[in-house]
Amino acid sequence: MANKNLSTDEKEVNRARALLLDNQIIIELGELFSQNRHELYIVGGSVRDALLGRVHDDFDFATDAAPDEIVKIVNEYADELWKIGMQFGTIGLEKNNLKIEITTFRRELYNTDSRQPQVDFVASIETDLSRRDFTVNAMAFKLPSGEFLDLFNGLSDLTNRELKTPLSPEESFSDDPLRMLRALRFVSTLITEPAVEVLASIKRLKKRLEIVSAERIQTELSKLLLGLAPSQGLYYLATTGLADEFLPELSELASCIDPLHRHKDLLEHTLTVVENVPAELDLRLAALLHDIGKPRTKSFGPDGVHFYHHEILGAKMAKRRLRALKYPSKVIANVSSIIEMHMRFHTYRLGWADSAVRRYVRDCGPHLAKINQLVRADCTSRNPNQSRKFALLLDELDQRIAYLEKEEESAKIRAPLNGNEVMEYLQLAPGPEVGKVMKALLEARLEEKILTKESAYKFIDKWLKK
Ligand code: ATP
Ligand code: MG
């Protein structure tokens, strides 16, 4: 009944609170800290996602307790404890398979000349929340009471899908330049629109990203690519110029046009292709980088523009870029193979013999399915007639591959008896008679009428009577 007069916001908060407090461990931790006269808040991504109705699988907490006090409080309670983040105020723990991080109220900043963030502990949750990256990530529930803290209008920004910083973006991005990239990551994962002043600050401060490690950049780039709206995040990455700092190939695409595509430029084409491939890291990276060889291979012939061997150059450039971003070697190998093979299909309409189809399957190796997914997405950006034609041709190629595979499987099938066994059983000398029996046996085997030697001998007896 009381619910009737609640605003939409209050209903959402109640729903999120119920979702989080439904967890026994969260309740128990809250009580544990309060018994020890310390504050505990659930903060950050898990609060944001609960408000979106999404269930988060890891939980971040903030407390006024110092790191060594956190250890004392949870030591008995936790199944496992990690102290590697202790100097930055973070204690990790696991309880009933749930991963939890508890951090002393703090703020982090990079000094202008340092590559290591400096961590200062602060006195209150208010200061801690004010130093977080975005308002949507700066909300908290106090435990065990469940009181909701939203000092920077994070809930209304979340509802309006707006990305803003709690303090000025200028100050926030100077303290930690990675936040500029995190902004575009959240554009993709939360389908938010960055505030005008956020974009302006990124344009002004993008060069500062140079002090951030490749590993931190890689993590955010991957999350951006796997988000719900990667093309939106990538669009801002290119148009703010932030890409210049770690992925200059993306910006180069904006100044190159391929007349085969309906798009304004290769950047627009690339964004469409990224959006159109399934959300798997190597596939999304391959889509992102599939045409980066084009600007440097562009040439003009009497019949128009060409990008000869752009896929070969592109695969090499992709390897170099992904190595610089410290991606695992397996990912780099997958991505460059997918890129290198993404043009072969375009000779298919000239007519491929079965041997050419087999060669394609062999050269694609384990990447066949992903290569075909990239080719499919790549083709959708041509004019509607052509893209329909390419889709049908790809279907046809898929069918031929499946048919040939089946045929090859069949070719491997042997009758359960060999010629010697047949001759011995029937007391025959080598000759055409043996050949006839063997042929009948193979037929029967292909029809799966006989599978064992036993059944094969019985089959011969019956066949001879006929
Ligand atoms: P995800 O769902 O990807 O885990 P998340 O919001 O939980 O998203 P994390 O990187 O796990 O992101 O960080 C947890 C919380 O810590 C964030 O919600 C934010 O409040 C804060 N945070 C993380 N990184 C920064 C940063 N570089 N600057 C300021 N606050 C940060
Ligand atoms: Mg998180």
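Full extension of the chain segment joining Leu451 with Ser329 gains 39.5 nm, where the gain is 0.36 nm per residue of separation less the Cα-Cα distance.
Surface exposure of the chain, expressed per residue as accessible area with a 1.4 Å probe, stands at 50 Å². Compute the FRET efficiency between Lys465 and Arg358 as 1/(1 + (r/R0)^6), taking r as their Cβ-Cβ distance and R0 = 45 Å, and round to the nearest 0.05. Once rounded, the FRET efficiency stands at 0.60. Residue separation of Glu39 and Asn111 scaled by 0.36 nm, minus their Cα-Cα distance, works out to 22.9 nm of gained length. Extension gain for Asp398 to Asn160 (0.36 nm times residue separation, less C-alpha to C-alpha distance): 81.3 nm. Note on the chain: Cα convex hull, mean projected area over all directions, 35.7 nm².
Its relative contact order, with pairs defined as Cα atoms under 8 Å and 6+ residues apart, puts the range 280-412 at 20 percent. Would you please state which residues of the range 393-430 a label at Glu443 would reach in this model, taking the label point 7 Å out along Cα→Cβ and a backbone N cut-off of under 16 Å? Under cut-off, by backbone N: 415-416. Per atom type, the chain shows carbon and sulfur on 51% of its accessible surface, probed at 1.4 Å.
Close amide H contacts of Lys99 (hydrogens built in the peptide plane, cut-off under 5 Å, sequence separation of 5 or more or a different chain): Phe59. In whole percents, the pair-distance distribution calculated for the range 2-154 from its alpha-carbon pairs, binned every 5 Å from zero, is 2, 9, 18, 22, 20, 15, 7, 4, 2, 0, 0, 0. Here the label points at Val119 and Trp82, each 7 Å from Cα along the C-beta direction, are separated by 1.3 nm in the simple model. For the residue pairs Lys294/Lys319; Lys294/Lys316; Lys223/Lys370; Lys406/Lys453; Lys207/Lys326, alpha carbon separations beyond 22 Å are given by Lys406/Lys453.
Surface calculation, 1.4 Å probe, protein heavy atoms: Leu266 sits at approximately 0 Å² accessible.
Sorting Glu249, Glu268, Glu147, Glu448 by solvent-accessible area of protein heavy atoms yields Glu448, Glu147, Glu268, Glu249, largest first, with a 1.4 Å probe. Using R0 = 35 Å, the C-beta based FRET efficiency linking Asp68 and Glu210 works out to 0.50.
The values are calculated or read from the model by the stated rules, or taken from the named source; none is laboratory data. None of the values given here were measured: they were computed from a predicted structure. No Cβ is skipped: glycine too gets one built from the backbone with ideal geometry, and neighbour counts run over all protein chains shown. Surface accessibility is based on the protein's heavy atoms, side chains included, excluding ligands, DNA and RNA. Shrake-Rupley method; radii C 1.70, N 1.55, O 1.52, S 1.80 Å.
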